[in-house]
Amino acid sequence: MDMDTYQILGVKFHNVDMAEALQIMEGFLKEEGSHLVVTVGPEMIMRAQEDPEFKRIVNEADLVVPDGIGVIWAAKRCGIELKERVAGVELIEKFAAVLASKEERPGLFLLGAAPGVSEKTAQKLVERYPGLNIAGTGDGFFKEDETAVANIKSSGAQVVYAALGSPKQEKFVRQHGEQAKIKVGVGVGGSFDVISGLKKRAPQFFVKLHLEWFYRLLCEPSRWRRFLAIPRFMLAVAKQKGEAVRKWEEALQ
Ligand code: UDP
(Lines give C-alpha, C1' and ligand atoms only; values in the text may rest on other atoms or scores of the structure.)
Protein backbone atom coordinates (compact mmCIF):
# COMPACT_ATOMS: atom_id res chain seq x y z
CA MET A 1 0.00 0.00 0.00
CA ASP A 2 1.26 3.46 -0.93
CA MET A 3 1.14 5.48 2.23
CA ASP A 4 0.55 9.21 2.60
CA THR A 5 3.82 10.08 4.34
CA TYR A 6 4.74 13.30 6.13
CA GLN A 7 7.53 14.61 8.30
CA ILE A 8 7.14 16.76 11.37
CA LEU A 9 10.27 18.58 12.55
CA GLY A 10 12.20 16.02 10.50
CA VAL A 11 10.42 12.97 11.97
CA LYS A 12 8.38 10.69 9.72
CA PHE A 13 4.77 9.71 10.20
CA HIS A 14 1.97 8.28 8.08
CA ASN A 15 -1.40 9.93 7.58
CA VAL A 16 -3.53 6.87 8.30
CA ASP A 17 -6.73 6.31 10.22
CA MET A 18 -7.27 3.44 12.64
CA ALA A 19 -8.80 1.08 10.05
CA GLU A 20 -5.91 1.62 7.62
CA ALA A 21 -3.30 1.17 10.34
CA LEU A 22 -4.85 -2.17 11.31
CA GLN A 23 -4.99 -3.29 7.68
CA ILE A 24 -1.33 -2.39 7.15
CA MET A 25 -0.28 -4.25 10.29
CA GLU A 26 -2.27 -7.31 9.21
CA GLY A 27 -0.43 -7.10 5.89
CA PHE A 28 2.95 -7.20 7.69
CA LEU A 29 2.05 -10.67 9.01
CA LYS A 30 2.10 -11.98 5.44
CA GLU A 31 5.38 -10.31 4.48
CA GLU A 32 8.95 -11.47 5.00
CA GLY A 33 11.06 -9.87 7.73
CA SER A 34 10.36 -7.95 10.88
CA HIS A 35 8.34 -4.70 10.89
CA LEU A 36 8.45 -1.88 13.39
CA VAL A 37 5.32 0.09 14.26
CA VAL A 38 5.77 3.39 16.11
CA THR A 39 3.07 5.53 17.71
CA VAL A 40 4.57 8.99 17.63
CA GLY A 41 3.60 11.98 19.78
CA PRO A 42 5.17 15.36 20.67
CA GLU A 43 7.39 13.92 23.39
CA MET A 44 8.98 11.42 21.03
CA ILE A 45 9.36 14.00 18.28
CA MET A 46 11.29 16.22 20.70
CA ARG A 47 13.42 13.27 21.84
CA ALA A 48 14.28 12.50 18.22
CA GLN A 49 15.73 16.01 17.87
CA GLU A 50 18.39 15.09 20.43
CA ASP A 51 18.84 11.40 19.68
CA PRO A 52 19.90 10.84 16.06
CA GLU A 53 19.81 7.05 16.39
CA PHE A 54 16.21 7.19 17.60
CA LYS A 55 15.30 9.63 14.81
CA ARG A 56 16.79 7.28 12.22
CA ILE A 57 14.86 4.33 13.67
CA VAL A 58 11.55 6.21 13.50
CA ASN A 59 12.31 7.46 10.00
CA GLU A 60 13.04 3.92 8.85
CA ALA A 61 10.05 2.36 10.65
CA ASP A 62 7.46 0.54 8.56
CA LEU A 63 4.46 2.30 10.07
CA VAL A 64 4.41 5.47 12.20
CA VAL A 65 0.96 6.49 13.39
CA PRO A 66 0.15 10.01 14.64
CA ASP A 67 -0.59 9.52 18.32
CA GLY A 68 -1.18 12.59 20.44
CA ILE A 69 -3.34 15.53 19.54
CA GLY A 70 -0.19 17.67 19.24
CA VAL A 71 0.63 16.12 15.86
CA ILE A 72 -2.89 16.82 14.56
CA TRP A 73 -2.65 20.39 15.84
CA ALA A 74 0.77 20.98 14.26
CA ALA A 75 -0.44 19.64 10.89
CA LYS A 76 -3.49 21.90 11.00
CA ARG A 77 -1.25 24.91 11.56
CA CYS A 78 0.55 23.93 8.38
CA GLY A 79 -2.72 23.65 6.44
CA ILE A 80 -2.82 19.84 6.53
CA GLU A 81 -5.93 18.05 7.73
CA LEU A 82 -4.85 14.64 8.99
CA LYS A 83 -7.36 11.77 8.92
CA GLU A 84 -7.38 11.15 12.65
CA ARG A 85 -5.37 10.62 15.77
CA VAL A 86 -4.49 6.94 16.16
CA ALA A 87 -4.07 6.40 19.89
CA GLY A 88 -1.50 3.71 20.69
CA VAL A 89 -3.49 2.02 23.42
CA GLU A 90 -6.54 1.73 21.15
CA LEU A 91 -4.46 0.51 18.23
CA ILE A 92 -3.00 -2.39 20.18
CA GLU A 93 -6.39 -3.40 21.61
CA LYS A 94 -7.93 -3.39 18.14
CA PHE A 95 -4.99 -5.29 16.67
CA ALA A 96 -5.38 -7.88 19.44
CA ALA A 97 -8.98 -8.29 18.23
CA VAL A 98 -7.69 -8.77 14.66
CA LEU A 99 -5.19 -11.43 15.83
CA ALA A 100 -7.91 -13.22 17.82
CA SER A 101 -10.17 -13.36 14.76
CA LYS A 102 -7.57 -14.96 12.48
CA GLU A 103 -7.86 -18.65 11.79
CA GLU A 104 -4.12 -19.31 12.16
CA ARG A 105 -4.14 -17.49 15.55
CA PRO A 106 -0.76 -15.71 15.36
CA GLY A 107 1.03 -15.62 18.71
CA LEU A 108 1.36 -12.35 20.63
CA PHE A 109 4.18 -11.74 23.12
CA LEU A 110 3.74 -9.02 25.75
CA LEU A 111 7.10 -7.63 26.82
CA GLY A 112 7.45 -4.86 29.35
CA ALA A 113 6.28 -2.98 32.44
CA ALA A 114 6.84 -4.01 36.05
CA PRO A 115 6.83 -7.71 37.04
CA GLY A 116 3.30 -9.16 36.91
CA VAL A 117 1.82 -6.40 34.73
CA SER A 118 2.27 -8.14 31.37
CA GLU A 119 0.56 -11.28 32.76
CA LYS A 120 -2.37 -9.21 34.02
CA THR A 121 -2.53 -7.43 30.64
CA ALA A 122 -2.60 -10.81 28.88
CA GLN A 123 -5.46 -11.94 31.09
CA LYS A 124 -7.49 -8.79 30.33
CA LEU A 125 -6.86 -9.05 26.59
CA VAL A 126 -7.87 -12.72 26.46
CA GLU A 127 -11.06 -11.92 28.41
CA ARG A 128 -11.88 -9.19 25.91
CA TYR A 129 -10.78 -11.05 22.77
CA PRO A 130 -11.41 -14.74 23.27
CA GLY A 131 -9.24 -16.84 21.00
CA LEU A 132 -6.27 -14.47 21.31
CA ASN A 133 -3.11 -16.55 21.38
CA ILE A 134 -0.75 -15.17 24.01
CA ALA A 135 2.56 -16.81 23.13
CA GLY A 136 4.37 -15.42 26.16
CA THR A 137 4.88 -12.54 28.57
CA GLY A 138 7.85 -10.94 30.33
CA ASP A 139 8.55 -7.84 32.40
CA GLY A 140 10.56 -4.92 31.06
CA PHE A 141 13.34 -4.88 33.60
CA PHE A 142 15.56 -7.62 32.17
CA LYS A 143 19.34 -7.24 32.47
CA GLU A 144 20.33 -8.76 29.13
CA ASP A 145 18.40 -8.15 25.92
CA GLU A 146 19.48 -11.63 24.80
CA THR A 147 17.33 -13.28 27.48
CA ALA A 148 14.22 -11.43 26.33
CA VAL A 149 15.03 -12.14 22.67
CA ALA A 150 15.50 -15.87 23.36
CA ASN A 151 12.16 -15.99 25.22
CA ILE A 152 10.33 -14.33 22.35
CA LYS A 153 11.97 -16.56 19.76
CA SER A 154 11.21 -19.79 21.61
CA SER A 155 7.58 -18.69 22.16
CA GLY A 156 7.05 -18.66 18.39
CA ALA A 157 5.31 -15.26 18.64
CA GLN A 158 4.71 -13.37 15.41
CA VAL A 159 3.85 -10.11 17.14
CA VAL A 160 5.49 -8.34 20.08
CA TYR A 161 4.01 -5.47 22.03
CA ALA A 162 7.02 -3.80 23.64
CA ALA A 163 6.13 -1.65 26.67
CA LEU A 164 9.63 -0.54 27.64
CA GLY A 165 9.14 3.21 27.32
CA SER A 166 10.49 5.21 24.40
CA PRO A 167 13.13 5.10 22.87
CA LYS A 168 14.11 1.79 24.50
CA GLN A 169 11.17 -0.11 23.01
CA GLU A 170 11.72 1.07 19.43
CA LYS A 171 15.47 0.41 19.66
CA PHE A 172 14.76 -3.07 21.04
CA VAL A 173 12.40 -4.02 18.20
CA ARG A 174 14.68 -2.60 15.51
CA GLN A 175 17.77 -4.26 16.90
CA HIS A 176 16.33 -7.67 17.76
CA GLY A 177 13.18 -8.09 15.67
CA GLU A 178 14.82 -10.26 12.99
CA GLN A 179 16.64 -12.43 15.51
CA ALA A 180 13.51 -12.87 17.62
CA LYS A 181 11.75 -14.00 14.40
CA ILE A 182 8.84 -11.63 14.81
CA LYS A 183 6.82 -10.18 11.96
CA VAL A 184 5.52 -7.12 13.82
CA GLY A 185 6.90 -5.24 16.83
CA VAL A 186 4.93 -2.32 18.27
CA GLY A 187 6.28 0.17 20.81
CA VAL A 188 3.38 0.62 23.21
CA GLY A 189 4.73 2.83 26.03
CA GLY A 190 2.68 2.71 29.20
CA SER A 191 -0.25 0.80 27.62
CA PHE A 192 0.13 -2.32 29.77
CA ASP A 193 -0.22 -0.18 32.89
CA VAL A 194 -3.54 1.08 31.48
CA ILE A 195 -4.91 -2.22 30.10
CA SER A 196 -3.98 -4.18 33.24
CA GLY A 197 -5.83 -1.60 35.35
CA LEU A 198 -2.66 -0.57 37.20
CA LYS A 199 -3.21 2.99 36.00
CA LYS A 200 -6.59 4.48 35.18
CA ARG A 201 -7.24 5.91 31.76
CA ALA A 202 -8.20 9.57 31.87
CA PRO A 203 -11.95 10.11 32.41
CA GLN A 204 -13.95 11.00 29.26
CA PHE A 205 -14.17 14.61 30.40
CA PHE A 206 -10.38 15.00 30.01
CA VAL A 207 -10.29 12.95 26.81
CA LYS A 208 -12.99 15.11 25.14
CA LEU A 209 -11.11 18.29 25.96
CA HIS A 210 -7.83 16.71 24.76
CA LEU A 211 -6.46 17.09 28.27
CA GLU A 212 -5.33 13.51 28.91
CA TRP A 213 -1.80 14.79 29.40
CA PHE A 214 -3.05 17.16 32.11
CA TYR A 215 -4.88 14.33 33.88
CA ARG A 216 -1.70 12.23 33.85
CA LEU A 217 0.26 15.15 35.22
CA LEU A 218 -2.26 15.50 38.06
CA CYS A 219 -1.92 11.76 38.86
CA GLU A 220 1.86 11.67 38.54
CA PRO A 221 3.33 15.09 39.34
CA SER A 222 6.83 13.61 39.15
CA ARG A 223 6.41 13.48 35.36
CA TRP A 224 6.29 17.27 35.02
CA ARG A 225 9.79 17.40 33.57
CA ARG A 226 8.72 15.17 30.69
CA PHE A 227 5.67 17.31 30.04
CA LEU A 228 7.93 20.26 29.31
CA ALA A 229 8.45 18.54 25.96
CA ILE A 230 4.93 19.69 25.00
CA PRO A 231 5.49 23.48 25.19
CA ARG A 232 8.94 22.94 23.62
CA PHE A 233 7.25 21.07 20.78
CA MET A 234 4.66 23.84 20.30
CA LEU A 235 7.37 26.45 20.24
CA ALA A 236 9.43 24.52 17.69
CA VAL A 237 6.36 24.11 15.46
CA ALA A 238 5.46 27.81 15.78
CA LYS A 239 9.03 28.84 14.90
CA GLN A 240 8.84 27.02 11.57
CA LYS A 241 5.89 29.21 10.52
CA GLY A 242 3.72 26.72 8.67
CA GLU A 243 6.65 24.59 7.51
CA ALA A 244 6.89 22.23 10.49
CA VAL A 245 4.78 19.56 8.78
CA ARG A 246 5.47 18.72 5.17
CA LYS A 247 5.18 15.88 2.74
CA TRP A 248 8.02 13.40 3.29
CA GLU A 249 9.08 13.64 -0.37
CA GLU A 250 9.43 17.42 -0.12
CA ALA A 251 11.55 17.14 2.99
CA LEU A 252 14.00 14.91 1.16
CA GLN A 253 14.67 17.48 -1.54
N1 UDP B 1 9.45 0.26 31.50
C2 UDP B 1 10.05 -0.99 31.36
N3 UDP B 1 11.40 -1.08 31.41
C4 UDP B 1 12.19 0.00 31.58
C5 UDP B 1 11.58 1.28 31.70
C6 UDP B 1 10.20 1.37 31.65
O7 UDP B 1 9.36 -1.99 31.18
O8 UDP B 1 13.41 -0.16 31.62
C9 UDP B 1 7.98 0.34 31.40
C10 UDP B 1 7.26 1.05 32.52
O11 UDP B 1 7.02 0.15 33.59
C12 UDP B 1 5.96 1.46 31.85
C13 UDP B 1 6.36 1.60 30.39
O14 UDP B 1 7.68 1.10 30.28
O15 UDP B 1 5.01 0.45 31.91
C16 UDP B 1 6.28 2.98 29.83
O17 UDP B 1 6.96 3.86 30.63
P18 UDP B 1 6.75 5.41 30.53
O19 UDP B 1 5.46 5.80 31.13
O20 UDP B 1 7.99 6.00 31.06
O21 UDP B 1 6.74 5.63 28.94
P22 UDP B 1 5.71 6.31 27.94
O23 UDP B 1 4.37 5.63 28.02
O24 UDP B 1 5.63 7.74 28.32
O25 UDP B 1 6.40 6.04 26.64
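The values are calculated or read from the model by the stated rules, or taken from the named source; none is laboratory data. Predicted, not measured: the structure shown is a model, and the values here were computed from it. Each accessible area value is taken on the protein alone, full model and side chains, heavy atoms only, with ligands, DNA and RNA left out. Shrake-Rupley method; radii C 1.70, N 1.55, O 1.52, S 1.80 Å.
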To the nearest 10 degrees, the tilt of helix 88-101 (Cα long axis) against the first principal axis of the alpha carbons of the chain is 40
Length-normalised contact order of the chain, Cα under 8 Å, at least 6 apart, in percent, tallies to 25
For the chain, the percent of accessible surface on carbon and sulfur atoms (probe 1.4 angstrom, ligands and nucleic acids excluded) is 52
For E84 the rounded accessible area (nearest 10 Å², probe 1.4 Å, non-protein molecules ignored) is 70
Under the helix-only model (-39500 (n - 2.57) for each DSSP H run of 4 or more, divided by the residues of the chain), the mean residue ellipticity at 222 nm, to 500 deg cm²/dmol, is -13500 deg cm²/dmol
Here region 124-139 yields Karplus 3J(HN,Hα) values (6.51, -1.76, 1.60; θ = phi - 60°; whole Hz; Gly and Pro given as x) of 4, 5, 5, 4, 6, 10, x, x, 5, 9, 7, 6, x, 9, x, 6
With every protein chain kept in place and a 1.4 Å probe, region 160-253 has an accessible area per residue in Å² of 59
Subtracting the Cα-Cα distance of E178 and S222 from 0.36 nm times their residue separation yields 12.2 nm
In Å², rounded to a whole number, the accessible area per residue of region 1-116 with probe 1.4 Å is 39
Karplus ³J(HN,Hα) for region 195-200 (6.51 cos²θ - 1.76 cosθ + 1.60, θ = phi - 60°; Hz, whole; x = Gly/Pro) runs 4, 5, x, 4, 10, 7
